[in-house]
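Worksheet for the structure shown next.
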Amino acid sequence: MSASSTPVDERLFAFIQKQTIAEDAYLRDLRQAARQAGLPEIHIAPEQAAFLQLLLRGAGARTVVEVGTLGGYSAIAMARGLPEGGRVITHEIEPAHAEFARQWIARSDQAGRIEVRLGNAIDTLPTIADGSVDAVFLDADKEGYVAYLGQALRMLRSGGILLADNVLAGGHIADGSGGSATAQAITRFLAAVQAARSLRSVIVPLGDACLFGVKE
Ligand code: DHB
Ligand code: MG
């Protein structure tokens, strides 16, 4: 027990999952319906959903922007962490995914608090005012992450939170030069994060790992 770091293996991770608040029935049903509807099975992990929700709640976030709605799983989880009057504006480029998400959001306990914007986020994000957002969650195409980072730093208020999924690139981030297109895109993103003087961040190894940063 003397190590200041404990590498998390499968046994320890199973323990962590058991200690985390469980996925509720609605999100479990959404996940199953998304699979049946042919959506890619790339939603965030349940323990990561719990982390995002509690983080937003603890920070008192009211306005959250998401890039990459998919089936609405993370948008619903995040909206549950917001106070009355809070809202999530989520961006989705694929019409079938946006339609699925809208239906499941409308039937959820978060109906009316989540807006799904269809289109390329890089075109629609500029309509959101500078410094008007409490938290941004990036979970879309990894090639776009550097551009989304620029928009996030513009939209976030001072003290606002940046979250980004998949920063271990499915485990391939440390494979060295070459690597998958995703790993290369995430490497460029993490370099841009390091270079952003207004952002301080850590990587939280839940799911495929989540970057958590705070804008100065
Ligand atoms: C992929 C994208 C994701 O956001 C994710 O969490 C897992 C996989 C992908 O594009 O393969
Ligand atoms: Mg993801």
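Computed from the coordinates by the stated procedures, all read-outs in this text should not be read as laboratory data. Just so it is clear, the model here is predicted, and its values are computed rather than measured. Here Cβ is always computed from backbone atoms with ideal geometry, including for glycine, and neighbour counts include all displayed protein chains.
Odds and ends about this structure:
- Here is the figure for segment 147-173: residues that are within 16 Å of ligand 2 (Cβ to nearest atom) and out of contact with any strand residue (DSSP E or B) (no Cβ under 7 Å at 6 or more places or on another chain) total 8.
- The sole residue among T69, T90 that is part of a loop (DSSP other than H, G, I, E, B), buried (at least 23 other Cβ atoms within 10 Å of the Cβ), without any contact (Cβ under 8 Å) to a residue 60 or more places away in the chain and hydroxyl-bearing (S, T, Y) is T69.
- Here is the figure for segment 146-162: residues that are buried (at least 21 other Cβ atoms within 10 Å of the Cβ) and either polar (S, T, N, Q) or closer than 17 Å to C210 by Cβ (or both) total 8.
- Residue check, A49 free of Cβ contacts under 8 Å to residues at least 60 places away in the same chain, under 14 Å from G72 (Cα atoms) and hydrophobic (A, V, I, L, M, F, W, C): yes
- For segment 31-47, the set of residues classified as part of a helix (DSSP H, G or I) and crowded, with 22+ Cβ neighbours inside 10 Å consists of A34 only.
- Of all residues making up segment 187-211, the number that are closer than 24 Å to Q53 by Cβ, within 16 Å of ligand 1 (Cβ to nearest atom) and out of contact with any Asp or Glu (no Cβ under 9 Å at 6 or more places or on another chain): 4
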